[in-house]
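These notes concern the structure reproduced below.
Read-outs throughout are calculated quantities, based only on the coordinates presented, and are distinct from any laboratory measurement. Everything numeric in this text was worked out from a predicted model, so none of it was measured. Note that we place each Cβ from the backbone using ideal geometry, even for glycine, and neighbour counts take in every protein chain shown.
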Amino acid sequence: MSSVISDSKVLKGGEFLIKESNAADLFIPEEFNEEQQMIRETVRSFVEQEIHPVTDRIEKLEEGLVPSLMKQFADLGFFGTHMSEEYGGSHLDFITNTLIGEEIGPSGSFSVSYNAHTGIGMLPLLYYGTDAQKDKYLPRLVSGELKASYCLTEPSSGSDALSARSTAVLSDDGSHYLLNGQKMWITNAGFADIFTVFAQVDGRNQKDGKSGFTAFILEKGMAGLTLGEEEKKLGIKGSSTRMVFMENVEVPAANLLGEIGKGHLIAFNVLNTGRFKLGASCLGGCKKVMSIGLKYALEREQFDVPIATFGAIKHKLAEQAIRIFTIESAIYRTAQLIQHAENELSDSGTSFDMAKRQAAEEYALECSIIKIIGSEVLDYIVDETVQIHGGMGYSEEGHVARAYRDSRINRIFEGTNEINRMVIMSSVLKSAMKGEIDLMTPGMAVQNELMNNVPYGELYVGAYAEEKSQVANFKKVLIMLLGTAAQQAMGGKLNLKTEQEILMNLADIIIEVFNAESLVMRIEKLAQNPGDRDMKLYEAMLRTYMHDASSRVVRFGTDAIASFVDPAMQPGFISGLRKYTKYPLQNIKENRRFIADALIEKREYCF
């Protein structure tokens, strides 16, 4: 069920910043095949028939309810779609697993339990477990017999996970480790059977003297392993969240996961996939919540007409659709990149688990982008849906207030969005330092273009030439600023480690580049085979997005220039910024009304 893209044109992680992608090689959701459509309907039916009717009971943490629902979902085969047949899985491709994640998104708290189990719960074992560990646990995790949790955060270590204080000391006879410490905010803790726990190994008893941040597999029922009470949370109230306490827990040496002192590799590599899965589920939530808001806007009348007919409401509906369509384009673009990398690695003889791990690691930057845009667009959608509902949106009688509260955690989960912006910049700078991404050549070309008016890059003609040029120019803005910042850093004038505001400005430009390029390519590909689609609608979304994105890039660029460019040089940089952010003026009011009218006619998100 894989989608084919030509090997020669597939870009490595982060290369989209300096190279052009081809729309013909892009996977778009309009290309889902019959089997994928059937899987979509199966998951959607499960959410609508099994989850939504018992949402209030889930929210009250009714004992045994979520585990029983998870077992039902596992019985349908959905706990092993990303696992090999060796462990009882069905080994569906990454795009199909993305679709499953999207469709489970509207299930609220249940999606949190599901994603934690199948993602950060199972992947440490798949990526780093021994054959014996995999054989012992993975088949039962796939079947739903066992439930998994992931224990990283501590009261004193959140984003700085490697400073964890939990300890692990090897016994004198080498048979087991004694674990002591506590973990907090542990999803699924209340019903988990397996806990992936990180602790600092004391190397004094180790024959090789090795020490450091290390992962272990703990099982429910181990003496000294206890849980706190269920946390009272702002949202996702139906997901089990507890503290996990360890007091002299004897963990067999055979339950060491990975290598001593290499726990950071497990933590970070597992989070790559976790971030992507979260973004995909946010996409499903966006579509569901937006449809709720649209339905209410059609039913609610003021001044004898539905409020959906008001320009202010049409603006909100259209903007929601534009943002959803854009992040969907970026999500499935990334899914195909990861899928292609998995296929390529497998074809070269790489094992199933290593192929999955290395593919996600290759696109760590893109996974961080997906996590950021998914969570932030969902926050926008729920906020505007509450606004559309007015006072009813603030009432707990409906579902909108719950969606508003549930959404907020996504900007914190899997590394805060601030941390993920730092990850984006760290990935770019490390790749540049290693020579994996050549920023020097395009940097010199941009400088030459600005100083000598020598055009750099392809001159586009034909359909969407202005939009393609705008994406290319966004990249020039980034290269202009990033190159200057890197030069100052190497010269000792700028310490990028302490200049997070500047890094966030640059990360936001990178996000705009990825979003805009994904959107242009999707619409270009649709235009090649439009069927019965009204391409004017899609072009209205594209041009409205590009109009607004240009303004955002100006703001991010201006803030960065004011922050680190020498005042004497600032006018030249501002001139370059303005040159690269010119885009034909759009009647965005009429564009949004056109889009909103299409939504109103279909009475749901229809793109």
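Below is a table of values for the structure above.
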read-out	value
Neighbourhood charge, 9 Å Cβ-Cβ cut-off, centred on Asp193 and excluding it, Lys, Arg +1 and Asp, Glu -1	+1
Bridge type composition, the chain - antiparallel percent by DSSP, nearest 5	80 percent
Förster-model FRET efficiency, 30 Å R0, Glu396 and Arg44, C-beta, rounded to 0.05	0.70
Computed label-point distance, nm, for sites Glu145 and Asp202 using a 7 Å Cα→Cβ extension	3.7 nm
Relative contact order for the range 148-261, counting Cα pairs under 8 Å that sit 6 or more residues apart, in percent	32 percent
Length-normalised contact order for the range 485-607 - Cα pairs under 8 Å, 6+ apart - percent	29 percent
Total formal charge among the other residues, if their Cβ is under 14 angstrom from that of Glu501, Lys/Arg +1 and Asp/Glu -1	-1
Relative contact order %, the chain, counting alpha carbon pairs below 8 Å whose residues are six or more apart	14 percent
Helix-only [θ]222 nm of the chain, DSSP H runs n ≥ 4, -39500 (n - 2.57) each, per residue, nearest 500	-18000 deg cm²/dmol
Within the range 148-261, percent of DSSP bridges classed antiparallel, to nearest 5	80 percent
Additional length obtainable on full extension of the chain from Ala527 to Val461, 0.36 nm per residue less Cα span	22.2 nm
Alpha-carbon centroid distance for the pair the range 490-542 / the range 369-421, whole angstrom	22 Å
Estimated FRET transfer efficiency (Leu227, Lys430; beta-carbon r; R0 45 Å; 0.05)	0.70
In sequence order, calculated HN-Hα J values of the range 413-419 (Karplus, 6.51, -1.76, 1.60; Hz; x Gly/Pro)	3, 6, x, 4, 5, 5, 4
Neighbourhood charge, 12 Å Cβ-Cβ cut-off, centred on Pro455 and excluding it, Lys, Arg +1 and Asp, Glu -1	0
Length added when fully stretched, Asp304-Lys497, from 0.36 nm per residue minus Cα-Cα	63.7 nm
Cleavage-rule hits, chymotrypsin sites (Phe, Trp or Tyr not before Pro), the range 285-337, DSSP coil, Cβ neighbours within 10 Å at most 11	Phe303
Packing-based exposure ordering (other Cβ within 10 Å, fewest first) of Leu478, Leu256	Leu256, Leu478
Full-stretch length increase - Leu234, Met354 - with 0.36 nm per residue and alpha-carbon distance subtracted	39.4 nm
